[in-house]
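Step one of this worksheet: look at the structure below.
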C-alpha cells in the first residue's frame, strides 16, 4: 500500500476506510494494522498507520478528538466509537480529518 502523509490523503478514496476493525484486506477480512494485505483502515487504525511517531500521533489524536467533541458530542474522547457508529459515514470521517488538519 502507498505510504500516506495525512489521513486526509488516506481517506480521499472511500475504499480505504472501514469500520469495526483497525484494518481489512481487499476481500473485507480483518487484518493486523501492519499486514501488507491491509488496504482499508478505521479512523484510529489510519491514525496509527499515518502517524508512526508517538508525539505527532498524540498531537493528531488530540486535534481529532477536539473536532469530534465539537461536532459529535456523544462521542467525546472516543475515536473508535465515533468511527464504528452506524451514524458515521465516510463524509463524517473526511470532515473530521479536514477540520483537524490531519
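Computed values, structure above
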read-out	value
Calculated FRET efficiency for the pair residue 19/residue 57, C-beta based, R₀ 22 Å, to 0.05	0.60
Binned Cα-Cα distance frequencies in the chain - 5 Å width, integer %	2, 15, 26, 27, 19, 9, 2, 0
Neighbour-count order for 47, 65, fewest beta carbons within 10 angstrom listed first	65, 47
With Cα atoms, 0 to 90° folded angle of helix 90-100 axis to the chain main axis	60 degrees
Stretch gain in nm, segment residue 3-residue 80, where the contour uses 0.36 nm per residue and the Cα spacing is subtracted	25.5 nm
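Read-outs: derived from the displayed coordinates by stated rules, not from any lab. As the structure is a computational prediction, the values presented were derived from the model and not from experiment. We place every Cβ from the backbone using ideal geometry, glycine too, and count neighbours over all the protein chains shown.
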